[in-house]
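The values are calculated or read from the model by the stated rules, or taken from the named source; none is laboratory data. Being a predicted model, the structure only gives us computed values, none of them experimental. Cβ atoms come from the backbone with ideal geometry, glycine included; neighbour counts cover every protein chain shown.
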Number of protein chains: 2
Amino acid sequence: MTARRTVFFVSDGTGITAQMLGHSLLTQFEGTEFDQVTLSFIDSVDKARECLARIEQEASKGNGQPVVFSTLVNNDVREVLRKANALCLDFFETFIGPLEAGLGLPSSHTIGRSHSAQNKQNYYDRIEAINYAMAHDDGATELEIDQADVILVGVSRSGKTPTCLYLALQFGVKAANYPLIPEDFDRKQLPRALRSRKSTLFGLSIAPERLTEIRGSRRPNSKYADLDNCRYEVEQAEILMRREGIRWIDSTAKSIEEIATTILRELRMERHLY
Amino acid sequence: MTARRTVFFVSDGTGITAQMLGHSLLTQFEGTEFDQVTLSFIDSVDKARECLARIEQEASKGNGQPVVFSTLVNNDVREVLRKANALCLDFFETFIGPLEAGLGLPSSHTIGRSHSAQNKQNYYDRIEAINYAMAHDDGATELEIDQADVILVGVSRSGKTPTCLYLALQFGVKAANYPLIPEDFDRKQLPRALRSRKSTLFGLSIAPERLTEIRGSRRPNSKYADLDNCRYEVEQAEILMRREGIRWIDSTAKSIEEIATTILRELRMERHLY
């Protein structure tokens, strides 16, 4: 029988930071299933008391002490949670002290600073990057292609679209993408619009065995998904990228996050995470 | 003069968790500018030594001790970084001990577990949610609308598209969106496709003054961006949503993250963060 444990993510904001930090720790424990509950926007003592009741209710079930990952800026709110019969790990409380000492500055203890829309220019840049990714998906248009920070190329279903959207949403990077199709292989060169933008081009390749799986889940028994065809397209795309001097990575075993951050590193782009 | 400090985010993976943790803490310090450097995929002692050199170089400039936020699973790698003349805050080192004790289990100390593509079903679900959001943006199609977990409605530029993409990318939620347009206001009812899906509908409203700014940045001096027109559309959209009993929130001062997580909470959807 697999062990189970209930995990709460408690935050005075969205809860995304608490969830992300908690997940990165929980992935280190194999053989335990974690039932996850996110309690977001807990920004008052009253709301904290409701959380406390919920955590205590879970603790009373006798399935082991719940784990509480929290990012709570306010001391009074945190104080309430601390009473829980739970393993409470607060990121804010743990690090803010050493950071204040190291910087020689007091922190402002202001709730709702992460993921905030307060900086209008940042907000506009991000929305513009998202609009750009949507408008320049799958070679839809060559308009404004000179504005791209990154142009991804690769065969259909090699991961270009999710990566472009992630780059836009998380990093505000303007990313376009172009599919490499049999016409490009026959012509033995890149589409004209891309030839002058070599320094922003980045390629995604993929194992043919994985590509046939992905394509097959959408269009089973098609030539498009056929393994031999996938092998041909991937081989030709790699020949083309090599000939054109385009850097590429193999996306096969990589998450969207891993692909996106590898590209930023390879293109030496330091970008702000939203 | 504003104080400056260099901050390093060091990770054996993408660095996204380290960045998110660091940002949530740094936003608490006003009046200091932070120059940010992300060093990702630091998964060997050799790479750690290169990081150390880079941090030491920064420290030698005399602009105050650099701050290092890290998420390093491997003890040997962490040991190298610890030698730096910097304020080192390692998230993993701090929390893994208490968590092991609380769970009564050893951790696996395996690098690259967060943001990993190891679980194929998760990967497919996420990609499918992204494809769904792309295909069902801006009322593009009513096909498969019954598959939507969430359907956002609101006037043009109220934040629907970024929110749908964020829900798909970060939470694997299938989100469609429909613009509310003057024809809907004249008809005094929702588009037919939406009427049977009331429980999944969620509205975004926005202050007309903000809407005119956003629309004006794309189409200056248009009727579309005109303040009176924005006032009319927002008022009519709210009348329609109220009449149809659709829950909505005001997106004006909210980030994409705040809108997305508020919707998940209001619709009582517990979702896994990718």
On the basis of being within 30 Å of B:T32 (Cα to Cα) and either facing chain B (nearest Cβ under 7 Å) or among the aliphatic types (A, V, I, L, M) (or both), does A:I96 make the cut? yes
Which residue out of B:V68, B:V45, B:V10 is at pLDDT 95 or above, away from every other protein chain (no Cβ under 11 Å) and within 18 Å of B:F95 (Cα to Cα)? B:V10
Quick check: is even one residue across the stretch A:193-210 of a type in the set (D, E, K, R), surrounded by fewer than 17 Cβ atoms within 10 Å (Cβ to Cβ), at pLDDT 95 or above and out of contact with any Pro (no Cβ under 6 Å at 6 or more places or on another chain)? yes
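Is it the case that some residue within the stretch B:27-34 is modelled with pLDDT of 95 or more and more than 8 Å from chain A (Cβ to nearest Cβ)?
Filtering the stretch B:27-34 down to residues modelled with pLDDT of 95 or more leaves none.
No, the conditions are met nowhere in the stretch B:27-34.
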Mind counting the residues in the stretch A:178-192 that are surrounded by fewer than 16 Cβ atoms within 10 Å (Cβ to Cβ) and touching a Leu at 6+ places or on another chain (Cβ under 8 Å)? 2
Would you be able to say whether some residue in the stretch B:68-85 is of a type in the set (D, E) and part of a strand (DSSP E or B)? no
Restricting to the stretch A:119-137, name every residue that is at pLDDT below 90 and more than 8 Å from chain B (Cβ to nearest Cβ). A:N119, A:K120, A:Q121, A:N122
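For (1) aromatic (F, W, Y); (2) touching a helix residue (DSSP H, G or I) at 6+ places or on another chain (Cβ under 9 Å); (3) on the phi < 0 side of the Ramachandran plot, each residue gets a yes or a no:
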site	(1), (2), (3)
A:T32	no, yes, yes
A:S40	no, yes, yes
A:S44	no, yes, yes
A:R49	no, yes, yes
A:A59	no, no, yes
A:F69	yes, yes, yes
A:N74	no, yes, yes
A:A86	no, yes, yes
A:P98	no, no, yes
Filter the stretch A:82-91 for residues that are at the interface with another protein chain (Cβ under 7 Å from one of its Cβ atoms) and under 26 Å from the mean Cα position of the chain (by Cα); which is nearest to A:N63 (Cα to Cα)? A:L89
Count - residues of the stretch A:19-63 that are without any contact (Cβ under 8 Å) to a residue 24 or more places away in the chain, part of a helix (DSSP H, G or I) and among the acidic types (D, E): 2
What are the residues in the stretch A:79-88 that are free of Cβ contacts under 8 Å to residues at least 24 places away in the same chain and crowded, with 19+ Cβ neighbours inside 10 Å, if any? A:C88
Considering only the stretch A:227-264, state which residues are surrounded by fewer than 17 Cβ atoms within 10 Å (Cβ to Cβ) and more than 9 Å from every other protein chain (Cβ to nearest Cβ). A:L227, A:D228, A:R231, A:Y232, A:E235, A:I239, A:R242, A:R243, A:E244, A:G245, A:R247, A:D250
Could you check A:R4 against (1) in contact with a Phe, Trp or Tyr (Cβ under 9 Å, 6 or more places away or on another chain); (2) buried (at least 16 other Cβ atoms within 10 Å of the Cβ) and say which number it fails? (2)
Hey, among A:T71, A:T14, which residue is surrounded by 15 or more Cβ atoms within 10 Å (Cβ to Cβ), of a type in the set (V, I, T) and either in contact with a Gly (Cβ under 6 Å, 6 or more places away or on another chain) or closer than 27 Å to B:L87 by Cα (or both)? A:T71
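Which ones in the stretch B:233-274 are within 17 Å of B:G159 (Cβ to Cβ), part of a loop (DSSP other than H, G, I, E, B) and not charged (D, E, K, R)? Walk me through how you get there before you give the answer.
Looking only at the stretch B:233-274, we keep the residues that are within 17 Å of B:G159 (Cβ to Cβ), and these are B:233-234, B:237-238, B:241, B:246-267.
Still in the list and also part of a loop (DSSP other than H, G, I, E, B): B:246-247, B:251-255, B:267.
Listed by number, the residues that qualify are B:I246, B:S251, B:T252, B:A253, B:S255, B:L267.
Could you list, in sequence order, all residues of the stretch B:125-174 that are among the charged types (D, E, K, R), buried (at least 19 other Cβ atoms within 10 Å of the Cβ) and touching a helix residue (DSSP H, G or I) at 6+ places or on another chain (Cβ under 6 Å)?
Start the filter on the stretch B:125-174 by keeping residues that are among the charged types (D, E, K, R), which leaves B:125-126, B:128, B:137-138, B:142, B:144, B:146, B:149, B:157, B:160, B:174.
Subset that is buried (at least 19 other Cβ atoms within 10 Å of the Cβ): B:126, B:137, B:149, B:157, B:160, B:174.
Once the filter is applied, which keeps residues that are among the charged types (D, E, K, R), buried (at least 19 other Cβ atoms within 10 Å of the Cβ) and touching a helix residue (DSSP H, G or I) at 6+ places or on another chain (Cβ under 6 Å), the stretch B:125-174 yields B:D137, B:R157, B:K174.
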Every residue from the stretch A:151-176 that is more than 12 Å from chain B (Cβ to nearest Cβ) and outside any loop (DSSP other than H, G, I, E, B): A:I151, A:L152, A:V153, A:G154, A:A175, A:A176
Which condition number in (1) surrounded by 15 or more Cβ atoms within 10 Å (Cβ to Cβ); (2) more than 26 Å from the chain's Cα centre (by Cα); (3) over 28 Å from A:E266 (Cα atoms) is the one that B:I96 fails? (2)
